[in-house]
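Worksheet: the structure to be examined is printed underneath.
All of the numbers you see were taken from the coordinates with simple rules; none came from a lab. Note that the coordinates shown come from a computational prediction; the quantities given were computed from them, not determined experimentally. So basically every Cβ, Gly included, is an ideal-geometry build from the backbone, and we count neighbours across all protein chains shown.
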Amino acid sequence: MVTLRPTQPRNTPDRRVLIVALTSRGRDPIAPAFRKHAGQMRKVFSELSSEELRSLEVALKKIGKRAAALMEQRGKILYARANALASTAASAD
């Protein structure tokens, strides 16, 4: 129902990260729940005009890009710290 594959090295220095994807068999039971959820979200957002929806979309994309950049920066810092610790441990031997 799912497939697992490691991330590409360019995506993250942490090779422990796996991408989980649903197979077609796994998507079958999810589809009705997703359709129901999508209908509920249409009702929630029906109060907004087209212009308001577009503004919200732009703002959320901007926030998402910033969050991704911060996560990538944090990942690089953690990777550098782990390498420094490993080097320290190796030189202590």
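Any chance you could run the full-extension gain for Met1 through Ala84? It's 0.36 nm times the residue separation minus the Cα-Cα distance, nm to one decimal.
Details: separation 83, 0.36 × 83 = 29.88 nm, distance 3.95 nm.
25.9 nm is the gain from fully extending Met1 to Ala84.
A simple spin-label model places pseudo-atoms 7 Å from Cα toward Cβ; at Phe34 and Glu47 they are separated by 2.8 nm. 3J(HN,Hα) couplings calculated from phi for the stretch 61-73 with the Karplus curve 6.51 cos²θ - 1.76 cosθ + 1.60 (θ = phi - 60°) are, in sequence order, 5, 4, 5, x, 5, 5, 4, 5, 5, 5, 5, 5, 4 Hz; Gly and Pro show x.
Per residue of the chain, what 222 nm ellipticity follows from adding -39500 (n - 2.57) for every DSSP H run with n ≥ 4, rounded to the nearest 500?
Details: 2 runs with 65 residues, N = 93.
Calculated from helices alone, the mean residue ellipticity at 222 nm is -25500 deg cm²/dmol.
For q = 0.28, 0.29 Å⁻¹, what log10 I(q)/I(0) does the stretch 49-93 give under the Debye formula with an equal point scatterer on each alpha carbon and no solvent? The Debye formula, applied to the Cα set alone, gives -0.88, -0.90.
Counting every alpha-carbon pair across the chain, the share separated by more than 21 Å comes to 63%. Summary value for the chain: 26 percent relative contact order, contacts being C-alpha pairs under 8 angstrom separated by 6+ residues.
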